[in-house]
1. Can you pull out every residue in segment 108-123 that is part of a loop (DSSP other than H, G, I, E, B) and aliphatic (A, V, I, L, M)?
2. Counting only residues that are in contact with an Asp or Glu (Cβ under 7 Å, 6 or more places away or on another chain) and either surrounded by fewer than 17 Cβ atoms within 10 Å (Cβ to Cβ) or over 22 Å from SER28 (Cα atoms) (or both), how many does segment 66-123 have?
Amino acid sequence: MNSPSRPIKTRAVREGGPYSARTNVVLSDRLDAMGLHAGDRIAIVGGSGIYAARLSCVKIVAEIMGEDTPAFWRLTPEKTGIVFQKMAEAGARMVLAPDPGPALRVDSSWVKVEGLPFYLLRL
């Protein structure tokens, strides 16, 4: 049985509109191309990318979300190193994060996901 909202959702995906899954599908494909495989363990910063991770059949073993996200991007390199070490100890191979914007920055160890506002860091 089709729900009345189904055509709206289908159109949103096709057109990349609000609530579109297109970005998650593309992100999942790009993560696969960057060496992430089903069963791998990852960490997430910022909460975005969770659905793409599920599509890639990876396990999220660590998350930094909500108000902790801007604080994470402001940490010193020494403190982010400790966070990354803890993520690796939890089994994460990589860290996925949305672009933090111009006010906060990622260092050169992060790899930009082609065509999307996401970065990936190999641990």
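Each reported figure results from applying straightforward, stated rules to the coordinates on display, with no laboratory input. Keep in mind that what you see is a predicted model, and the values were worked out from it rather than measured. Every residue, glycine among them, receives a Cβ derived from its backbone with ideal geometry; neighbour counts consider all protein chains shown.
1. Filtering segment 108-123 for residues part of a loop (DSSP other than H, G, I, E, B) gives 108-110, 113-117, 123.
Within segment 108-123, VAL113, LEU116, LEU123 qualify.
2. Let us first name the residues in segment 66-123 that are in contact with an Asp or Glu (Cβ under 7 Å, 6 or more places away or on another chain), namely 93, 117-119.
Add one more test, that the residue is either surrounded by fewer than 17 Cβ atoms within 10 Å (Cβ to Cβ) or over 22 Å from SER28 (Cα atoms) (or both), and what stays is 117.
Count: 1.
Yes/no matrix, rows are residues, columns are (1) assigned to a helix (DSSP H, G or I); (2) touching a residue at least 12 places away in the same chain (Cβ under 8 Å); (3) under 13 Å from the mean Cα position of the chain (by Cα):
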site	(1), (2), (3)
ALA53	yes, yes, yes
PHE72	yes, yes, no
GLU78	yes, no, no
VAL83	yes, yes, no
ALA97	no, yes, yes
VAL106	no, yes, no
